[in-house]
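What follows is a single structure, written as structure tokens, with notes after it.
Nothing in this text is a laboratory measurement; each read-out follows from the coordinates by a stated rule. Since the structure is predicted, the reported quantities are computational estimates derived from the model, not experimental observations. Neighbour counts run over all protein chains shown; Cβ positions are idealised from the backbone, glycine included.
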Amino acid sequence: MKLSAALLAALVLLAACSSGSPGPVLEEFPVRGYVHAGPTCPTVQNPPASGCEDRPVVGARLSIVDASGAPVEDVTTDSEGRFSADLPAGDYTLVPQPVEGLLGTAPAQGFTVPVAGELDVAYDTGIR
């Protein structure tokens, strides 16, 4: 009887140790972006006339989905129209959501992590 109790205790201890061990840790990389809207003046000029530059979009919500289309993370732009997320290496799609007062949504864009540079997201103001 003592042997089976010792064996049972060893199995319980082994199960407790193995179930608490973390899986592999995936390295995450920064993803940064800028969200803006334009045009801001009725006559578009290149380069834009002073005061007619695109404006940052504050509070825009963007969804990030993985290659299978599964949601990974939602991000929201800050007071300068910037967003950030840390993601494991892989292929993703950034899906901008509608913003009140802007025409439609910005187009979805695929990207691969790690990202070289900053993602650029352009909404249309509808001004012509």
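What is the antiparallel percent of DSSP beta bridges lying wholly in region 27-124, to the nearest 5?
Among the beta bridges of region 27-124, antiparallel pairing accounts for roughly 80 percent.
Once phi is turned into θ = phi - 60°, what whole-Hz ³J(HN,Hα) does the Karplus curve with 6.51, -1.76 and 1.60 give for every residue of region 120-128, x standing for Gly and Pro?
Along region 120-128, the couplings run 10, 10, 10, 8, 9, 7, x, 6, 10 Hz.
More than 24 Å apart: what percent of Cα pairs in region 27-124 qualify?
That tail contains 25 percent of the Cα-Cα pairs.
Given points 7 Å out from each Cα along the Cα-Cβ axis, report the Ala122 to Glu100 separation in nanometres with one decimal.
If labels sit at Ala122 and Glu100, their model points lie 2.7 nm apart.
Net charge near Ala85: determine it from the other residues with C-beta under 11 Å of the C-beta of Ala85, scoring Lys and Arg +1 and Asp and Glu -1.
Result for the local shell: -3.
What's the exposure ranking of Tyr34, Tyr92, Tyr123, going from fewest to most Cβ atoms within 10 Å?
Result, fewest neighbours first: Tyr34, Tyr92, Tyr123.
Compute the label zone of Val44 within region 90-125: residues whose backbone N is under 11 Å from the point 7 Å along Cα-to-Cβ.
Label zone hits: 124-125.
Taking θ = phi - 60°, what integer Hz values does the Karplus form 6.51 cos²θ - 1.76 cosθ + 1.60 yield along region 52-68, in sequence order, with x for Gly and Pro?
Once rounded to whole Hz, the list reads 10, 5, 3, 10, x, 9, 8, x, 6, 9, 10, 9, 10, 10, 7, 4, 8.
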